[in-house]
1. Can you confirm whether Asp174 is more than 8 Å from the ligand (Cβ to nearest atom), without any contact (Cβ under 8 Å) to a residue 40 or more places away in the chain and acidic (Asp, Glu)?
2. Where the second residue is in a strand (DSSP E or B) and aromatic (Phe, Trp, Tyr) and the first is assigned by TED's automatic domain parsing to the domain that holds Ile253 and lies in segment 273-289, which pairs have Cβ atoms under 7 Å and are six or more apart or on separate chains?
3. State which residue pairs qualify: first residue at positive phi and inside segment 132-155, second residue in a loop (DSSP other than H, G, I, E, B) in any location, beta carbons under 8 Å apart, and separation of 6 or more residues or different chains.
4. What are the pairs, 6+ residues apart or on separate chains, where a residue within segment 49-61 that is on the phi > 0 side of the Ramachandran plot and among the small types (Gly, Ala, Ser) has its Cβ under 6 Å from a residue that is modelled with pLDDT under 95 and surrounded by 13 or more Cβ atoms within 10 Å (Cβ to Cβ)?
5. Criterion first (more than 10 Å from the ligand (Cβ to nearest atom), modelled with pLDDT of 95 or more and outside the structural domain of Ala194 (by TED's automatic domain parsing)) does Ala156 satisfy it?
6. Does Ser162 meet the test of being among the hydroxyl-bearing types (Ser, Thr, Tyr) and within 16 Å of the ligand (Cβ to nearest atom)?
7. Please verify whether segment 191-205 includes one or more residues that are within 9 Å of the ligand (Cβ to nearest atom), among the β-branched types (Val, Ile, Thr) and surrounded by fewer than 21 Cβ atoms within 10 Å (Cβ to Cβ).
8. Can Gly187 be described as within 13 Å of the ligand (Cβ to nearest atom) and out of contact with any helix residue (DSSP H, G or I) (no Cβ under 8 Å at 6 or more places or on another chain)?
Amino acid sequence: MATERDITLSQADYLRILIHGTTAFELLRTGLELELFERLETDGGLDVPGVATALGVPEQPARVLLLGLAGLRLIELREGRYVNTELVRAKLLRAAPRYLGALIDVQDRVINAAMGELSEAVRKGTNVGLRHIDGPGSTLYERLGAHPELQHVFYANMGDASRKSIGQFLDAYDLSDARRVLDLGGGDGSNSIALATRYPGLEATVFDQGSVVELAAQRLSDPDLRRRIRFHAGDLFTGELPGGHDIILVFHIFEIWSLERNVELLRRCRAALAEGGRCLVYNFVSDDAGTGPLSAGFLSAYFLTLASGEGMAYSAADMERAVLAAGFTRAERHDGFGFSHALVVGHR
Ligand SMILES: C[S@@+](CC[C@H](N)C(=O)[O-])C[C@H]1O[C@@H](n2cnc3c(N)ncnc32)[C@H](O)[C@@H]1O
């Protein structure tokens, strides 16, 4: 059902946004890069000459930019001055509660060039888009190790998404009896930090590639968290998974790999857990029918074309089947999360 916050488009305009998607994205990104939205907010709205002066650009291109952004319904004209819409105030101002700058940055700097290779990736069934980022390895994660600046851009967005998803996880799933958590492919440590902060008795080990655990370790300044969060550099498939943990987190990892490789990884998790241990698989999902949501469709194309060439946003039903195929005695499915997430818990 449409709400006041929904934007209604004609089919023709919907198609225009699809076809001119690159232009739409660049209008938005340019608005951010030139700090147009920030200036409109602090100045309480501006006319064309005012925007040109504030941004230090000629009047004609300022007019072009304003026209494009108004067409996209990001700004609107009120009493002769352009002002931000509610959508911009909620998501595109730096001080906004859910500022999307990190997502727009990673799309721009890491993802978009590679996505031009989607058709070839579909034909070949592999991540041909990775040729846009040079370096060793066959996944984006390995290649980013050779590009510290891009790696930083990637984890700024990943951490942002994970801080949102871990919040709703902690509200829904009780881990008060957990003692030692292994955070597989733990990235910048956002999930372990949130868990250790919520549960003062909990210890966590962030397991990831060497360059990533270094980055994660640098984020820890609190002495108590530094004592309770450890780091382990290793490979998910060839390295030994450290034992002695009662919980293993597989957070935003299942999307990366084929279902076969996921079963292999989950078998390794099962072997590393003691009797009674739990493996928590939590990530972006598609619906069981394979019809959406939109975010799952976009993410899946990214995993195919760039990230790994073999994963996608699977359904929660796929996750359940993989957990059981890996030998866990019971798979407990939790739906109803926001942000297109689901959780499947494998009980050892
Ligand atoms: C999508 S990120 C998820 C990060 C974190 N779990 C989160 O939810 O924010 C995937 C992580 O898996 C790590 N990774 C990918 N392949 C790996 C491998 N073969 N061995 C170790 N870590 C790997 C990457 O370095 C990256 O940090």
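1. Details: more than 8 Å from the ligand (Cβ to nearest atom): yes; without any contact (Cβ under 8 Å) to a residue 40 or more places away in the chain: yes; acidic (Asp, Glu): yes.
So Asp174 fits the description; yes.
2. Tyr282/Phe251; Asn283/Phe251
3. Gly135/Gly145; Gly135/Ala146; Gly135/His147; Gly137/Gly145
4. Correct list of pairs: empty, since none qualify.
5. Working: more than 10 Å from the ligand (Cβ to nearest atom): yes; modelled with pLDDT of 95 or more: yes; outside the structural domain of Ala194 (by TED's automatic domain parsing): yes.
Considered against the rule, which asks whether it is more than 10 Å from the ligand (Cβ to nearest atom), modelled with pLDDT of 95 or more and outside the structural domain of Ala194 (by TED's automatic domain parsing), Ala156 comes out as yes.
6. Working: among the hydroxyl-bearing types (Ser, Thr, Tyr): yes; within 16 Å of the ligand (Cβ to nearest atom): yes.
Yes, satisfied.
7. Looking for residues that are within 9 Å of the ligand (Cβ to nearest atom), among the β-branched types (Val, Ile, Thr) and surrounded by fewer than 21 Cβ atoms within 10 Å (Cβ to Cβ), one finds none in segment 191-205, hence no.
8. Numbers: within 13 Å of the ligand (Cβ to nearest atom): yes; out of contact with any helix residue (DSSP H, G or I) (no Cβ under 8 Å at 6 or more places or on another chain): no.
Criteria not met by Gly187.
The values are calculated or read from the model by the stated rules, or taken from the named source; none is laboratory data. Remember, predicted model here, so these are calculated numbers, not experimental data. Here the Cβ is made from the backbone with ideal geometry for all residues, glycine too, and neighbour counts use every protein chain on show.
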